[in-house]
Amino acid sequence: MTKPSASRTKTLAFGAWSVLKSFQLTIVLLALLMCLVVFCTLAQVEMGTQGAVNAYMRSFVVWNQPLLLRLPFPGGALVGLLLTLNLIAKTIDIKLSWQKAGMWLVHVGLVVLFAGEFVAGMMQVDTNMSIEVGQTVNYVQSYKEMELAVIDVTDPVWDEVYSVPDTMLSKGRDIAIPGTPVTLKVKRFFRNAQLSNLMPGAPPSVATMGVGPGVSVVEAPVVSADNEMNQTSAFVEPVAGGRSYGVWLASVAIGAPQSFTHEGHTYALVMRLRRQYLPYAFTLKQFRHDVYPGTDIPKNFSSLVQVVNPSQKESREVLIYMNQPLRYEGKTFYQASFGKNDTLSVLSVVENPGWLLPYVSCVLVSLGLLVHFAIVLRRSLKRRQDKKEG
Amino acid sequence: MTFVQKYLAWGAGALALIIALVFALPTGKARGFDVSGFGTLPILEGGRVKPLDSLARNSLLVIHSRQGFRHDNRVVGPDEWILDVLFRPQVADQQPIFVIDDPDVIGLIGAKQTKNRNYFSFADLSSHLEEIQKQATNAQPIPAQKRTRFQSAIVNLFDRVYLYYKLRNTLQLAGSPGLGWELQSLGSPDAPLRHQDLMQLAQFRMLPPPGGAGPDGWQNVGQALSASQAGAPLHPGLIPLAKLNAAYVANDAATFNQTLRDMNAVVSQLTPGALAHASNEVVFNRAQPFFVGLSIYFVAFLTLCISWIYKPDLLRPTAYALLFSGAIVHTLGLAARIILQGRPPVTNLYSSAIFVGWGAVILGLIIERMYRKGFGTAVAAAAGFASLIVAQNLGTEGDTMEMMRAVLDSNFWLATHVVTITIGYAGTFLAGSIAIAYALRKHIAAKPDAEAEKALVDMAYGIICFSLFFSFVGTVLGGIWADQSWGRFWGWDPKENGALLIVLWNAIILHTRLGGYVRDRGLMVMAIFGNIITALSWFGVNMLGVGLHSYGFMDKAFAALTLFCLSQLLLMGICYAPARFWTQRPPSKA
């Protein structure tokens, strides 16, 4: 009984293998990838780059693509994975002969390139750092994700920050803030909301403390385009030592500080872009925005930054400018934007452990193509010579 | 090929070169004034030092869509026109140079479409300036791709009128007695106000900085007057400029030409080299190498077409020689741009079109050397002609040698990434063109010629390999540049995606062929589709609303692009149809 089943498994495996290494699969996958690239490009107009990439390229299945009868479509991750398997199969399958050395290198290089994109998709973290001239900043912040920070501001020189990410707030459970006696009860959470002054006669706000009672909050659709920001807001009730401190409205749209005091500790409540604190700090010493004379065409942007890292006993100046980023402690800081009449510099910060892979791939593929061309050239020259002699 | 035929063929090529040379010769004086000498004076505009001639040509191109016009039964060139605008606005205002095509805009200014087509002078428009400005201000906040046709047209008209308005108030305030009077009334109480106006309205800076100061030191007339008012010594360029102004207004050509020499002396003394650089650029402007080149390509293509029915032994080499001369002119033009700008060949969409054409022509020449069947010549001439036409249409937005925005300001990456990827475009287009030639030939040729077909397929296949290599390497280099300047290798940005599509498509073609799923005909159909992919990623992605500013391009280009894609689909159908499609009746069911 076992024998036929084993052979069936064997044929099945063989069949799978021959599909996996087939040219048909390559072509189908490449065509699918082309479709995905077109979808993703068109979708960017509405969804913004990040939104479109997440929907089409970083997903396994696109359930609701608008361009082809809303049929489910294999996503970029799936196509990429299959294409990688196909590539590996092909690479193994290419005869290990010197004649094929070039093609072999090219395909290995492509596998590395795909791996690089996978690593970037899974592990790349994009944040930014905005510094005003003279300011010192020791954190990077997210572009879109929010956090509710509970900050112990009692000590005038040292803030103790406890933060709750928006994903946790959205679950609506009670959240005990570790290291403090405070527990936050999330009454309502809005990923995006429209805030306006509460009109007289309108139903009263859920909030009882701070600026909240005077504000009307209406839920709004979540936005993902690159230049739009969600006005994330939440009604929260801090409870400490069995005592409630009222319901507060925390929102990105609110600039005014709101705080309550419990047992001599003053806690501020702030909804803000999610921060990651760094063991080092940047001070912006100078920002330059040069234009070509007589025009407003930008010629150069540059930030002169003092990097202070106490753990390394390091303190030095760095000039970050166009095409010249600073790579530091696994993060790369790029000159990205500016504001406030050229006194604010925005650095985009990228952390991608796989950043070297495309470079490796580039070298492998170029080498492979050169080798292949050399082999082809040699062959054709030989053929020509044979013809002449024969 | 006999000796005489060879002579005749290369003689035709040489003749084309001589005609090209004639274009570069200086033009005569207009009404006795050395207008081209005046056009050679260097100015600072758009961040770079250039001859006044360049500004005049580009402004006239923006306003009038051409570099010259007929008025009072004679042709007015750009240099004469700019002189009138600068010094005799009352004359220039009467010249009908504003082209308005939109009927609603014509209705708005209360005019009927006159027999003189839709050309209007500034004087015609002057009573409607407020209305134009009001409508344009309403339309401006709307993103360019969401504007209605009327809104686009009114914004476009306003921009052109404003450019003209600035030009006529750059060296003197229009309506004032002139620059000489301005110099005499230095110190009068109402002078500073006028200096302020001059400073704000100036379109360019004409007064070079003394002694090697950087480009920031160039001054416009308003700045120089204002500095003198504040006690600084008078800028040495102001007096000859005022004299030029007076002589031109007084119609005194002799004094004008004499003073021009003084002005040249002042400029060369203050900023040595600027005048020489400017006059080189004037020669380049006058020669119009890309216009001449496309004309030669056109003649070469026609000659080759005729060669198929008449005297092939003479005309085919003639077409090749013509193509060769066209390529020389094209190459010289490209080289001149590189030298003048101090940049690698491709810096914007306009120059990419020129470079794509150049690459296709060079590849075509090589192919012709290898196969000698006339196909290389035909395809190269057609591709060179088409891409230079595209370039001519892209170059109507103003200065084509504009300064590079900050992130692009890297000669290394411009030279590697941009050039490689553009060669990839050129190759893909050339392969597509060969496939089109194959398709047409198949239906037109009287009897099937297996050898010729084989040659065409081989050419296309080889060029697709070539393009895959260049587009892949170019794309990866682009990724590395992106990693260097934005921190990510790949961001699925529309332009990146466009490049990726070309790579993927070329890879698909090669793999289907390698796997044996298509043969010659299928390969050619796919190569034609490559034209669509390349056109879309070259221009189409720009229309998604990223990085495009001008209405003129958007609208016209969108229609042109759609038309192009449809024509390619049609050609794919033609290519797919069997060769004896016309003679073989399909079997009827009845």
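Restricting attention to region A:231-256, which residues are among the small types (G, A, S) and within 16 Å of A:D166 (Cβ to Cβ)?
Once the filter is applied, which keeps residues that are among the small types (G, A, S) and within 16 Å of A:D166 (Cβ to Cβ), region A:231-256 yields A:S233, A:A234, A:A250, A:S251, A:A253.
Looking for whichever is at negative phi, modelled with pLDDT of 90 or more and not assigned by TED's automatic domain parsing to the domain that holds B:L179 here; the options are B:L55, B:L15, B:L8. Which one fits?
None of the other options fit; the residue is B:L15.
Given the conditions (1) crowded, with 20+ Cβ neighbours inside 10 Å; (2) not in a loop (DSSP other than H, G, I, E, B), and given that A:W355 satisfies all but one, which numbered condition is not satisfied?
Tallying (1) crowded, with 20+ Cβ neighbours inside 10 Å; (2) not in a loop (DSSP other than H, G, I, E, B), A:W355 fails exactly one: (2).
Name the single residue that is surrounded by the fewest Cβ atoms within 10 Å (Cβ to Cβ) among those in region B:71-89 being in a helix (DSSP H, G or I) and in contact (Cβ under 8 Å) with a residue 40 or more places away in the chain.
The selected residue is B:P89.
Based on what the data block shows, is B:A253 without any contact (Cβ under 8 Å) to a residue 12 or more places away in the chain, away from every other protein chain (no Cβ under 14 Å) and surrounded by fewer than 19 Cβ atoms within 10 Å (Cβ to Cβ)?
No: the conditions fail for B:A253.
For residues that are part of a strand (DSSP E or B), surrounded by 14 or more Cβ atoms within 10 Å (Cβ to Cβ) and free of Cβ contacts under 8 Å to residues at least 12 places away in the same chain, scanning just region A:291-315, find the one that is nearest to the other protein chains (Cβ to nearest Cβ).
A:P298
Of everything in region A:365-387, what is surrounded by fewer than 20 Cβ atoms within 10 Å (Cβ to Cβ) and touching a helix residue (DSSP H, G or I) at 6+ places or on another chain (Cβ under 9 Å)? Give them in sequence order.
A:S366, A:L367, A:L370, A:V371, A:F373, A:A374, A:I375, A:V376, A:R379, listed by residue number.
With respect to B:T534, determine if the residue is under 24 Å from B:A452 (Cβ atoms), modelled with pLDDT of 90 or more and of a type in the set (S, T, Y).
no
Considering region A:316-332 alone, what residues qualify as being within 14 Å of another protein chain (Cβ to nearest Cβ) and not in a strand (DSSP E or B)?
Passing the criteria: A:M322, A:N323, A:P325, A:G330.
Filter the strands (runs of 3 or more DSSP E) completely within region A:187-281 down to those with at least 2 residues that are under 30 Å from A:V45 (Cβ atoms) and small (G, A, S).
Because the criterion is at least 2 residues that are under 30 Å from A:V45 (Cβ atoms) and small (G, A, S), the strands (runs of 3 or more DSSP E) in region A:187-281 that meet it are A:193-197.
On the given criteria, is B:R57 assigned to a helix (DSSP H, G or I) and charged (D, E, K, R)?
Answer is yes for this residue.
Within region B:374-413, take every residue that is outside any helix (DSSP H, G or I), in contact with an Asp or Glu (Cβ under 9 Å, 6 or more places away or on another chain) and closer than 30 Å to A:Q324 by Cα and give me the one that is nearest to the other protein chains (Cβ to nearest Cβ).
Filtering region B:374-413 for residues that are outside any helix (DSSP H, G or I), in contact with an Asp or Glu (Cβ under 9 Å, 6 or more places away or on another chain) and closer than 30 Å to A:Q324 by Cα, the one nearest to the other protein chains (Cβ to nearest Cβ) comes out as B:M403.
Counting only residues that are in contact (Cβ under 8 Å) with a residue 60 or more places away in the chain and within 12 Å of another protein chain (Cβ to nearest Cβ), how many does region B:208-240 have?
Going through region B:208-240 one residue at a time, the tally reaches 3.
So that you can scan it fast, the table gives a plain yes or no per residue for (1) closer than 14 Å to A:L148 by Cα; (2) modelled with pLDDT under 85; (3) of a type in the set (S, T, Y):
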position	(1), (2), (3)
A:G212	no, yes, no
A:P221	no, no, no
A:D226	no, yes, no
A:P238	yes, no, no
A:W248	yes, no, no
A:V252	yes, no, no
A:A256	no, yes, no
A:G264	no, no, no
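Looking for something surrounded by fewer than 18 Cβ atoms within 10 Å (Cβ to Cβ) and of a type in the set (F, W, Y) - is there at least one such residue anywhere in region A:52-73?
So far as region A:52-73 goes, yes, one or more of its residues are surrounded by fewer than 18 Cβ atoms within 10 Å (Cβ to Cβ) and of a type in the set (F, W, Y).
Can you pull out the residues in region B:1-24 that are among the β-branched types (V, I, T) and either under 19 Å from B:F301 (Cβ atoms) or under 33 Å from the mean Cα position of the chain (by Cα) (or both)?
Within region B:1-24, B:I18, B:I19, B:V22 qualify.
Exactly one condition in (1) crowded, with 21+ Cβ neighbours inside 10 Å; (2) under 30 Å from A:I297 (Cα atoms) is false for B:F429; which is it?
(2)
Restricting region B:469-500 to residues that are more than 9 Å from every other protein chain (Cβ to nearest Cβ) and touching a residue at least 40 places away in the same chain (Cβ under 8 Å), which is surrounded by the most Cβ atoms within 10 Å (Cβ to Cβ)?
B:S471
Taking only region B:179-193 into account, find how many residues are within 23 Å of B:A123 (Cα to Cα) and over 35 Å from the mean Cα position of the chain (by Cα).
0
Of all residues in region A:316-334, which are farther than 15 Å from B:D409 by Cα and either polar (S, T, N, Q) or in contact (Cβ under 8 Å) with a residue 60 or more places away in the chain (or both)?
A:K331, A:T332, A:F333
Would it be correct to say that B:G175 is over 30 Å from B:D104 (Cβ atoms), in contact with a Pro (Cβ under 7 Å, 6 or more places away or on another chain) and of a type in the set (G, A, S)?
For B:G175, the condition - over 30 Å from B:D104 (Cβ atoms), in contact with a Pro (Cβ under 7 Å, 6 or more places away or on another chain) and of a type in the set (G, A, S) - is not met.
Just for region B:509-527: of the residues that are within 13 Å of another protein chain (Cβ to nearest Cβ) and under 34 Å from the mean Cα position of the chain (by Cα), which one is surrounded by the fewest Cβ atoms within 10 Å (Cβ to Cβ)?
Out of the qualifying residues, it is B:M526.
For region B:60-78, state whether one or more residues are touching a Phe, Trp or Tyr at 6+ places or on another chain (Cβ under 9 Å) and either closer than 17 Å to B:N245 by Cα or outside the structural domain of B:V161 (by TED's automatic domain parsing) (or both).
no
Being in contact (Cβ under 8 Å) with a residue 60 or more places away in the chain and more than 10 Å from chain B (Cβ to nearest Cβ) is the filter here; which residues of region A:120-131 pass it?
Selection gives A:M123, A:V125, A:T127, A:N128, A:M129, A:S130, A:I131.
Working only within region A:359-389, note down all residues that are under 19 Å from A:V112 (Cα atoms), facing another protein chain (nearest Cβ under 10 Å) and of a type outside the set (V, I, T).
Of everything in region A:359-389, those that are under 19 Å from A:V112 (Cα atoms), facing another protein chain (nearest Cβ under 10 Å) and of a type outside the set (V, I, T) turn out to be A:Y359, A:S361, A:C362, A:S366, A:L369, A:L370, A:H372.
Please tell me if A:E147 is within 25 Å of A:Y277 (Cα to Cα), in contact with a helix residue (DSSP H, G or I) (Cβ under 8 Å, 6 or more places away or on another chain) and surrounded by fewer than 13 Cβ atoms within 10 Å (Cβ to Cβ).
no
Using the structure shown, decide if A:N54 is among the polar types (S, T, N, Q), away from every other protein chain (no Cβ under 14 Å) and within 25 Å of A:A225 (Cβ to Cβ).
No.
Every residue in region A:20-37 that is within 21 Å of B:S537 (Cα to Cα) and within 7 Å of another protein chain (Cβ to nearest Cβ), please.
Across region A:20-37, the qualifying residues are A:I27, A:L30, A:A31, A:L33, A:M34, A:V37.
The values are calculated or read from the model by the stated rules, or taken from the named source; none is laboratory data. Just so it is clear, the structure is predicted and the values come from calculations on it, not from any experiment. Because the Cβ atoms are built from the backbone with ideal geometry, glycine has one as well, and the counts that use them run over all protein chains shown.
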